[in-house]
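What follows draws every value from the coordinates through simple rules; no lab data is involved. All figures in this text were calculated on a predicted structure; none of them were measured in a lab. Don't worry about glycine lacking a Cβ; one is built from the backbone with ideal geometry, like all the others, and counts go over all protein chains shown.
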Amino acid sequence: MIDGFLALYIFLLAAFTGHEIISRVPVILHTPLMSGSNFVHGIVLVGAMVALAHADTPIGKVIGFIGVALGAGNAAGGYVVTERMLDMFKSSKGK
Amino acid sequence: MNLDMATLLPNIAKASYLIAAVLFILGIKRMASPVTARKGIVQAGIGMVLATLATFAITGGHNLGLIVGAIALGVIPTWLWGKKVAMTDMPQMVALFNGMGGGSAAAIGAGEMIKFVHTGAVPSKTTLVLAVVGALIGAISMSGSVIAWAKLDGRMDKRFTFPGQQYFNLLVFIVTVGLGAMLVMKLEVPVIVAFFALALLVGVLMTLPIGGADMPVVISLYNAFTGLAVAFEGYVMQIEALIIAGMVVGAAGMLLTQLMAKAMNRPISGVLFSNFGGGGQSAADIKGSMKPIEPSDAASLLYMADKVVIVPGYGMAVAQAQHKIWELCKQLRERGKEIKFAIHPVAGRMPGHMNVLLAEAGVPYDLIVDMDEINPEFATTDVAIVIGANDVVNPVAKTDKSSPIYGMPILDVANARQVIVIKRGKGAGFAGIENALFYQDNCKMLYADGQAAAASLSTELKAIDGGGGH
């Protein structure tokens, strides 16, 4: 069980980390980076899977199903789009 | 120590989540540098697959069919769609996928609340508050992102405003927060339903009045929102990977939003609450007229120029003109002209959008110049070619205090000796504002599709000196 203060520590440290790792990013990468971080919060899929696994009422299952489908869409779509954007950087360097 | 499966599996899962969280952080860090960016996304992808597989291990096969079905339903269409969508439509795809994440977080919140009602379990106040706040932010992010997507995809006309809109929106928001507070006191199904309906409405209302060049900032903000929502619901579900990944994205997204807003010289509050776009000067208030030019005359201007600056915008992306434009530029370079590409921080629909497209066409990085660097150079520029850009070159942003884009930094294209604007028609830009530049004496309009215009300029240029350069 993660409780009050421990959770607060995790929240704060993660926030500092997020702030720190992109503080020096060139404008050229703003769009791919936004897209990439968009993919990373697709991890919500895992939370939705656990919620659906524990659902035992019909309404709970419906909501859980929607949650998993949306989370999976976020992860899959976010990955494909980011990869395609970054692929173009590679092709331009080859020339 | 007893290594039975019941205690082993959760520990394997927890370890996998930890590894996934580390991979996400390293992945994002790598994505912040051009050299390592491609490795970064692959790394984050491995983390995601690992975390998902680990979750199968701890869910013990409950509702397995439903879970697999939902994943298939979520993954297959978005994967195929993401693979085939045009590069120019990427910004709205990011908005849409982000909205899905927000919706997923909101669904987790809703599911947990309903479960507490059914089972009569009494969660801690911290859990309840975070479930409610996460659900609120997630729902706002979902409906807001969908509106942003519809706007960018041209499915919804620009902006929607009415008198007293901000007060109305504020009222709806306060009522929603009030319902959320009621839920923290006592969970009841009708209140839960009303809360989610209003939270979704808040996202719609917030996004409707925002238009034009502000959309990138809004998408980035909703991206950060979804991150926060995921982190809060991660606490509710007691999954550290969600807390860490969500919070990292939330903080990084907030910073990215600030960087973008700063590039546009607009505070985030200004983006959200100032009813950007539309209004301002009408064509009648601007003196002069729009002067059309033929491709042959435009080619002559280019032929006589020494220094040419290309100003691309969203129109170039729509017309897929970047390759033809680069062809034209290569011809000009063969004839000894100095060529530069001037990129406004929010040209296109997202920061970096133009850089991505020009990189795709093979334009070397050193020819691509940022706004601050190129602006002093326009005074010594012979011809500036504006292709598909509008609001980011509108001098009204400097001169007309009543204009909604007043204060936004612009490319000083108007200072160039000659300006050629390649444009499909006479309509206003995405923000719906007349462009004073088009009426200036040194500005000529080349009405054509971007690709066709660039091709005909190349042809006309060859016709002048028989193709070879000097």
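For B:Lys291, the residues 5 or more places off, or on other chains, whose built amide H falls under 5 Å of its own are B:Met445. Across region B:130-251, C-alpha contacts under 8 Å between residues 6 or more apart give a mean separation that, scaled by the residue count, equals a relative contact order of 40 percent. Straight-line cross-link reach from B:Lys125 at under 19 Å between alpha-carbon atoms covers these lysines, not counting any fewer than eight positions away in the same chain: B:Lys115, B:Lys186. The slack between B:Ala6 and B:Thr161, meaning 0.36 nm per residue of separation minus the straight C-alpha distance, is 50.1 nm. For B:Lys426, the lysines whose Cα falls under 19 Å of its own Cα, not counting residues fewer than eight places away in the same chain, are B:Lys158, B:Lys287, B:Lys291, B:Lys444.
Cross-link pairs exceeding 24 Å in C-alpha to C-alpha distance, out of B:Lys324/B:Lys423; B:Lys83/B:Lys330; B:Lys39/B:Lys151; B:Lys262/B:Lys401, comprise B:Lys83/B:Lys330; B:Lys39/B:Lys151.
Please report, ordered by residue number, every helix of chain B (full DSSP H runs) that is 20 Å or longer along its axis going by C-alpha atoms and whose mean Kyte-Doolittle hydropathy reaches 1.0.
Values: long enough: B:5-31 (38 Å, 1.34); B:37-58 (32 Å, 1.30); B:64-84 (30 Å, 1.30); B:90-119 (43 Å, 0.68); B:125-152 (40 Å, 1.52); B:165-185 (30 Å, 1.64); B:189-207 (28 Å, 2.68); B:215-237 (32 Å, 1.31); B:240-263 (34 Å, 1.51); B:450-465 (23 Å, 0.25).
Going by DSSP H runs, the hits are B:5-31, B:37-58, B:64-84, B:125-152, B:165-185, B:189-207, B:215-237, B:240-263.
Annotation: extensible slack from B:His62 through B:Lys125 equals 19.9 nm (criterion: 0.36 nm per residue apart, minus Cα-Cα distance). Computed from label points 7 Å out along Cα-Cβ, the spacing between B:Ile46 and B:Asp370 is 3.3 nm. Normalising the Debye intensity of the protein assembly as shown to I(0), with uniform scatterers on Cα atoms only, and taking log10 at q = 0.06, 0.09 Å⁻¹ returns -0.32, -0.68. Amide H contacts under 5 Å for B:Val386: B:Val311, B:Ile420, B:Val421, B:Ile422, restricted to partners 5 or more places along the chain or on a different chain, H placed in the peptide plane at 1.01 Å from N. On a 0 to 90 degree scale, rounded to 10, what angle separates helix A:58-94 from the longest Cα axis of chain A? That helix lies at roughly 10 degrees to the long axis. Report relative contact order for chain B in percent, whole number only (criteria: Cα-Cα under 8 Å, sequence separation at least 6). Relative contact order, chain B: 14 percent. Our estimate of slack between B:Lys462 and B:Thr380, defined as 0.36 nm per intervening residue step minus the Cα-Cα distance, is 27.0 nm.
Taking R0 as 30 Å, what FRET efficiency do you get between A:Phe5 and B:Lys186 from their Cβ-Cβ distance, rounded to the nearest 0.05? So, using R0 = 30 Å, E works out to roughly 0.65. Would you list, by chain and number, the aspartates and glutamates whose Cα falls below 14 Å from the Cα of B:Lys307, excluding same-chain residues fewer than 8 positions away? B:Lys307 reaches B:Glu334, B:Glu338, B:Glu377, B:Asp382. Proximity of backbone amide H atoms, modeled 1.01 Å from N, is registered between B:Phe341 and B:Ile310, B:Ile368, B:Val369 at under 5 Å, excluding neighbours fewer than 5 places apart on the same chain. The relative contact order of chain A, computed from alpha carbon pairs under 8 Å that lie at least 6 residues apart in sequence, is 31 percent.
In this calculation the C-beta distance from B:Ala86 to B:Val22 is compared with R0 = 45 Å, giving a FRET efficiency of 0.85. Its alpha carbons considered, region B:25-119 gives a radius of gyration followed by a Dmax of 16.6, 52 Å.
Within region B:134-202, the trypsin sites (Lys or Arg not before Pro) that combine a DSSP coil assignment with at most 11 other C-beta atoms in a 10 angstrom radius are B:Arg155, B:Lys186. Peptide B:355-361 is shielded by partner chain Cβ atoms: per residue, an average of 6 of them sit within 10 Å of its Cβ. Using the empirical formula 2.2 N^0.38 Å as the baseline, the Cα radius of gyration of chain B reaches a ratio of 1.14. Within 10 Å of the Cβ of each residue in B:50-61, the mean number of Cβ atoms contributed by other protein chains is 3.
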